Amino acid sequence: MPWASSQTLDRIKRTFRKITIDTQPNFVCLIVEDTQEITNILKHLKDVEDFRYFIDFHVIDFPKEKDRFLGQYILVNPYTFERLAIKVWFKSNKLPTAKEIFAGAKWAEREAYDMFGVEFEGHEDVKRMFMWEDYKYFPLRKDFPLGGIPEQKLPSLTEVLEGNTFPPSHDYDIMHTYVPTIKDIEKTEKSRITKKGQLVLNWGPLHPGTHGTMWFLFDLEGEHIIQTDVILGQLHRGMEKIAENLHYFQFLPYTDRMDYLSAVCNELSYVQAVEKLANIEVPLKARYIRTMFAELQRINSHLLWLGTGALDLGALTVFLYAFREREKIMDIIEGNAGFRLTSAFLRIGGVHYDLAKGTLEVAKYFVKDFYSKLKEYHGLLTRNRIWLKRTKDVGVITQEDVYQYGLTGPVARGSGVAYDMRKIDPYAAYDLVDFDIPVGDIGDVYDRYLVRMEEMYQSARIVEQCIEALEKMPENEPYVNKKHPAVLPPKEDVFNDLEDMVKSFRIVVHGENMPKGEVYSSGENPRGELGFYIYSIGKSSPYRLRIRSCSFYNLSVFPKVIYKHTISDAVALLGSIDPVVGETDR
Amino acid sequence: MASSINGNGFITTTVDELLSWGRRNALWPVTIGLACCAIEMMHAAASRFDIDRLGMIFRASPRQADVLIVAGTVVNKVAPMLKLIWDQMPEPKWCISMGGCASAGGPFPTYSTLQGVDRIIPVDVYIPGCPPTPQGLIYGLLELQRKIREKKVTRYEKAFEEFKKDLSPEILSGIGV
């Protein structure tokens, strides 16, 4: 993605003389000195400079600085695809809210409050986003330990019921962080919604239709929803805190467990950010392998959406058919990475293994077969009368909503916004393959369905081209950049070469220090733009790693779209947004 | 005598064995997915592995289920809700902890994660893996069947005591208890 050009920056600088501009190779930001002026600057950027696409807002904690918290917005101009970050310091923990300018900031600010305890003037609805209402701490602050503060005795019931054995069945710490009671949870629920209609209906958190552990509160007037609140955090595992405590390469397996349906795509976004930070070149073969696996994973993820989305609307057959193809893709991934779901296949600087023998033949056969299977899915649903009635003109998302809420991926493209990181800022081998981006027309559930179906077709095309390119490559082509000091050498070299063994030992034990600087880099996940912002202070682990989650922002439009619609539409809409809880909550 | 009966279309068995046979061959898990493991749980139920053939049907209501598969990371916030679901399941019931996160916190030793679901729910079978493959889950379920077979049924006596409490003394004396 081209960052904001110097002409744009000059223009902004001319209007606002007090701001400073910081240009780094992979990061361009405006630093705003006067906190109160931020509202004007954001308005100006949105209305005059056309930076209307809200991408992210997050906070960085500097305990030793005078103002401590630094807020950062990331905006995109949807016409020229320029990207710009705006930094502003909180004045005594306070910042004017941006939710009037960008609706997506509403949830982002709630998250910032939850994690850092910062306040927003004019935001009356600042409540906990992930934790429960009476939670005492602000976990992402630098002075809060990763493991939390143990304050409750919580023994293992296996030991309680069956007695202590020797040697002990469990090796664990009996003290545990505070686990809320059902009363705490009820209090959280009550604080979220003031009843206006006739009935408040709970949907979730442990309901099969909510795709995981999301919790919806619907305030109903008859069958129509007049108020909605989404309670998240039923899978908040503290990913961003973990990243701050690990070396760069150690965080890679954790990205798999975020959006667990598209593990390779997550890894690709992450390694890309680190590679940009450390300036690591990736060999061509590795780029093709990455692209091929990312696209296989995209098909895999869309198939799960197809299966469960149709299952939610009552079509069980599609679920079984979609899982049949998923098994084949998982076999290809397992054959190469050794793992079905959370593959950890990529490495910083390349891929973990060379392609396993026979992968290309299997993949080729799969793709050839997949086109006919795709026709089968179309035959089951595309002109199915029940499917059309449930999805046409349901859950319409407008283009303005896309920009306001920062929606990305098929949700944005279904509404006609051709925003795809693979084309805008080609990474891996996407600049070497030929593919199209499908866009929808009116942005209803049916449009998003068609967009995803077409994306699967395009992905299959990309896989075909990657196979073709990989077949032409000589067998001993390098698949990892061994020369760079920050890259872990492949295992067979570690066992056979002294230098590589020493290098591997050094990186694993001490980690490799990365250069100072900031990077925001994103990749196109099956669900949208997954971005990683890394603030490096020259150590072997990031000072702050922010995950810009696509599911989180995509879901934030849900309460608006479902207003005055029925509960059955809510099921269809949620299926078409297709969030994954591991990523919304992180 | 047993052999002559068995040969003529009858079988002799104990009540214990009959109950345990019925229980272990109709394990109905609750449809609850928490995280990544839920996807592998879905795969176990879908086309290729199809655990329906072992008599296991996923039930969406805890009232109709007797196995709780804790599939995924249990965070502190979801723990009381999961416990509530466990309490809603009728006896006899079993719990399977699927994957590293549910068994002991897994790779998440953080402020928000429950370090092992056995701190709130007694677990019968632990399945390692991150996530376990569907084969792993099926192996765990078979192990649970074995456990039910080998462990004598003790709970029905307790259930009968509960039942007796509800009855009036006249009825009890009438049926000779």
Practice task
Would you confirm whether any residue within the range B:10-28 is in a helix (DSSP H, G or I), touching a residue at least 24 places away in the same chain (Cβ under 8 Å), under 28 Å from A:Leu304 (Cα atoms) and out of contact with any Leu (no Cβ under 6 Å at 6 or more places or on another chain)?
Solution key: no
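If I go through the range A:399-448 residue by residue, how many of them are among the small types (Gly, Ala, Ser) and surrounded by fewer than 22 Cβ atoms within 10 Å (Cβ to Cβ)? Steps first, please.
Looking only at the range A:399-448, we keep the residues that are among the small types (Gly, Ala, Ser), and these are A:406, A:409, A:412, A:414-416, A:418, A:428-429, A:440, A:443.
Going one step further and asking which of them are surrounded by fewer than 22 Cβ atoms within 10 Å (Cβ to Cβ), we end up with A:416, A:418.
Residues in the range A:399-448 being among the small types (Gly, Ala, Ser) and surrounded by fewer than 22 Cβ atoms within 10 Å (Cβ to Cβ): 2 in total.
Residues to consider are A:Ala105, A:Ala85, A:Ala112; find the one that is crowded, with 19+ Cβ neighbours inside 10 Å, out of contact with any Asp or Glu (no Cβ under 8 Å at 6 or more places or on another chain) and more than 24 Å from A:Ile193 (Cβ to Cβ).
On the way: A:Ala105 fails: more than 24 Å from A:Ile193 (Cβ to Cβ); A:Ala112 fails: more than 24 Å from A:Ile193 (Cβ to Cβ).
That would be A:Ala85, the only listed residue that is crowded, with 19+ Cβ neighbours inside 10 Å, out of contact with any Asp or Glu (no Cβ under 8 Å at 6 or more places or on another chain) and more than 24 Å from A:Ile193 (Cβ to Cβ).
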Handout entry: Qualifying position, being open to solvent by 40 Å² or more (accessible area, probe 1.4 Å) and at pLDDT 85 or above, among B:Leu84, B:Leu18, B:Leu27
Key = B:Leu84
Practice task
Mind listing whichever residues of the range A:134-161 are at the interface with chain B (Cβ under 9 Å from one of its Cβ atoms), outside any loop (DSSP other than H, G, I, E, B) and either open to solvent by 50 Å² or more (accessible area, probe 1.4 Å) or free of Cβ contacts under 8 Å to residues at least 12 places away in the same chain (or both)?
Solution key: A:Leu157, A:Glu159, A:Val160, A:Leu161
Problem - Tally of residues being open to solvent by less than 10 Å² (accessible area, probe 1.4 Å), in contact with a Leu (Cβ under 6 Å, 6 or more places away or on another chain) and farther than 27 Å from A:Leu252 by Cα across the range A:301-324 - result: 2
Exercise for the section: May I ask you to list the residues in the range A:28-76 that are of a type outside the set (D, E, K, R), open to solvent by 10 Å² or more (accessible area, probe 1.4 Å) and either outside any strand (DSSP E or B) or touching a helix residue (DSSP H, G or I) at 6+ places or on another chain (Cβ under 7 Å) (or both)? Expected result: A:Gln36, A:Thr39, A:Asn40, A:His44, A:Val48, A:Phe62, A:Pro63
Exercise for the section: Would you mind telling me which numbered condition in (1) touching a strand residue (DSSP E or B) at 6+ places or on another chain (Cβ under 8 Å); (2) more than 9 Å from chain B (Cβ to nearest Cβ); (3) at pLDDT below 85; (4) not in a loop (DSSP other than H, G, I, E, B) A:Ser191 fails? Expected result: (1)
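Of the residues A:His207, A:His211, only one is outside the structural domain of A:Asp114 (by TED's automatic domain parsing) and surrounded by fewer than 18 Cβ atoms within 10 Å (Cβ to Cβ); which?
Working: A:His211 fails: surrounded by fewer than 18 Cβ atoms within 10 Å (Cβ to Cβ).
The match here is A:His207.
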Practice task
Considering each of A:Ala429, A:Ala412, A:Ala418 in turn, give the residue that is at negative phi and part of a helix (DSSP H, G or I).
Solution key: A:Ala412
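Taking the condition modelled with pLDDT of 85 or more, within 14 Å of chain B (Cβ to nearest Cβ) and open to solvent by 30 Å² or more (accessible area, probe 1.4 Å), does A:Phe130 pass? Talk me through it step by step, then tell me what you get.
Numbers: modelled with pLDDT of 85 or more: yes; within 14 Å of chain B (Cβ to nearest Cβ): yes; open to solvent by 30 Å² or more (accessible area, probe 1.4 Å): no.
No.
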Practice task
Sort out which residues of the range B:116-134 are within 7 Å of another protein chain (Cβ to nearest Cβ) and modelled with pLDDT of 90 or more, and write them in order of number.
Solution key: B:Thr133
Exercise for the section: Output the residue which, of all residues in the range B:38-70 that are closer than 16 Å to B:Leu142 by Cβ and open to solvent by 50 Å² or more (accessible area, probe 1.4 Å), is farthest from the other protein chains (Cβ to nearest Cβ). Expected result: B:Arg53
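Of all residues in the range A:172-186, count the ones that are in a loop (DSSP other than H, G, I, E, B) and at the interface with chain B (Cβ under 9 Å from one of its Cβ atoms).
Our first condition is that a residue be in a loop (DSSP other than H, G, I, E, B); within the range A:172-186, this holds for A:172-174, A:177-181.
Then keep just the ones that are at the interface with chain B (Cβ under 9 Å from one of its Cβ atoms); that gives A:172-173, A:177-181.
Adding up the residues that qualify gives 7.
Here's the yes/no breakdown for (1) in a helix (DSSP H, G or I); (2) crowded, with 24+ Cβ neighbours inside 10 Å; (3) within 14 Å of chain B (Cβ to nearest Cβ); (4) not small (Gly, Ala, Ser):
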{"residue": "A:Leu235", "(1), (2), (3), (4)": "no, yes, yes, yes"}
{"residue": "A:Pro253", "(1), (2), (3), (4)": "yes, no, yes, yes"}
{"residue": "A:Asp259", "(1), (2), (3), (4)": "no, yes, yes, yes"}
{"residue": "A:Cys265", "(1), (2), (3), (4)": "yes, yes, no, yes"}
{"residue": "A:Tyr270", "(1), (2), (3), (4)": "yes, yes, no, yes"}
{"residue": "A:Lys276", "(1), (2), (3), (4)": "yes, no, no, yes"}
{"residue": "A:Val282", "(1), (2), (3), (4)": "no, yes, no, yes"}
{"residue": "A:Ile289", "(1), (2), (3), (4)": "yes, yes, no, yes"}
{"residue": "A:Ala294", "(1), (2), (3), (4)": "yes, yes, no, no"}
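Here are some residues: A:Thr342, A:Thr359. Which one is of a type in the set (S, T, N, Q), over 18 Å from A:Gly531 (Cα atoms) and within 17 Å of the chain's Cα centre (by Cα)? Give the derivation first.
Details: A:Thr359 fails: within 17 Å of the chain's Cα centre (by Cα).
The unique qualifying residue is A:Thr342.
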Practice task
Would you be able to say whether some residue in the range B:101-112 is open to solvent by 40 Å² or more (accessible area, probe 1.4 Å), farther than 30 Å from A:Lys328 by Cβ, facing chain A (nearest Cβ under 9 Å) and in a loop (DSSP other than H, G, I, E, B)?
Solution key: yes
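Each row is one residue, and each column tells you yes or no for (1) open to solvent by less than 60 Å² (accessible area, probe 1.4 Å); (2) under 19 Å from A:Leu306 (Cα atoms); (3) in a strand (DSSP E or B).
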{"residue": "A:Leu355", "(1), (2), (3)": "yes, no, no"}
{"residue": "A:Val362", "(1), (2), (3)": "no, no, no"}
{"residue": "A:Tyr365", "(1), (2), (3)": "no, no, no"}
{"residue": "A:Phe370", "(1), (2), (3)": "yes, yes, no"}
{"residue": "A:Glu376", "(1), (2), (3)": "no, yes, no"}
{"residue": "A:Ile386", "(1), (2), (3)": "no, yes, no"}
{"residue": "A:Lys389", "(1), (2), (3)": "no, yes, no"}
{"residue": "A:Val394", "(1), (2), (3)": "yes, yes, no"}
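Examine the range A:103-113 for a residue that is of a type outside the set (Gly, Ala, Ser) and within 14 Å of chain B (Cβ to nearest Cβ), and state whether such a residue exists.
Quick first cut of the range A:103-113, residues of a type outside the set (Gly, Ala, Ser) only: A:106-107, A:109-111, A:113.
This time we only want the ones that are within 14 Å of chain B (Cβ to nearest Cβ), so: A:111.
Looking through the range A:103-113, at least one residue is of a type outside the set (Gly, Ala, Ser) and within 14 Å of chain B (Cβ to nearest Cβ).
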Problem - Residue within the range A:311-326 that is out of contact with any Ser or Thr (no Cβ under 9 Å at 6 or more places or on another chain), outside any helix (DSSP H, G or I) and closer than 26 Å to B:Asp52 by Cβ present - result: yes
Fill in the blank from the handout: In the range B:55-74, residues that are in contact with a helix residue (DSSP H, G or I) (Cβ under 7 Å, 6 or more places away or on another chain) and in a helix (DSSP H, G or I) total 2
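Yes/no matrix, rows are residues, columns are (1) in the same structural domain as A:Asn525 (by TED's automatic domain parsing); (2) over 24 Å from A:Gln24 (Cβ atoms); (3) of a type outside the set (S, T, N, Q); (4) under 14 Å from the mean Cα position of the chain (by Cα):
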| residue | (1), (2), (3), (4) |
| --- | --- |
| A:Phe251 | yes, no, yes, no |
| A:Ser262 | yes, yes, no, yes |
| A:Ser269 | yes, no, no, yes |
| A:Thr291 | yes, yes, no, no |
| A:Ala294 | yes, yes, yes, no |
| A:Asn300 | yes, yes, no, no |
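Rundown of residues vs (1) touching a His at 6+ places or on another chain (Cβ under 9 Å); (2) assigned to a helix (DSSP H, G or I); (3) small (Gly, Ala, Ser); (4) open to solvent by 10 Å² or more (accessible area, probe 1.4 Å), yes/no style:
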position	(1), (2), (3), (4)
A:Gly523	no, no, yes, no
A:Phe532	no, no, no, no
A:Lys560	no, yes, no, yes
A:Gly575	yes, yes, yes, no
Handout entry: Candidate set from the range A:216-231 (those that are within 26 Å of the chain's Cα centre (by Cα) and not aromatic (Phe, Trp, Tyr)); member that is nearest to A:Glu133 (Cα to Cα)
Key = A:Ile231
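The values are calculated or read from the model by the stated rules, or taken from the named source; none is laboratory data. Because the structure is predicted, anything quoted here is derived from the model rather than measured. With ideal geometry, Cβ positions are generated from the backbone for all residues, glycine too; neighbour counts draw on all protein chains shown. Please note that ligands, DNA and RNA were not included when accessible areas were found on the heavy atoms of the full protein model with its side chains. Shrake-Rupley method; radii C 1.70, N 1.55, O 1.52, S 1.80 Å.
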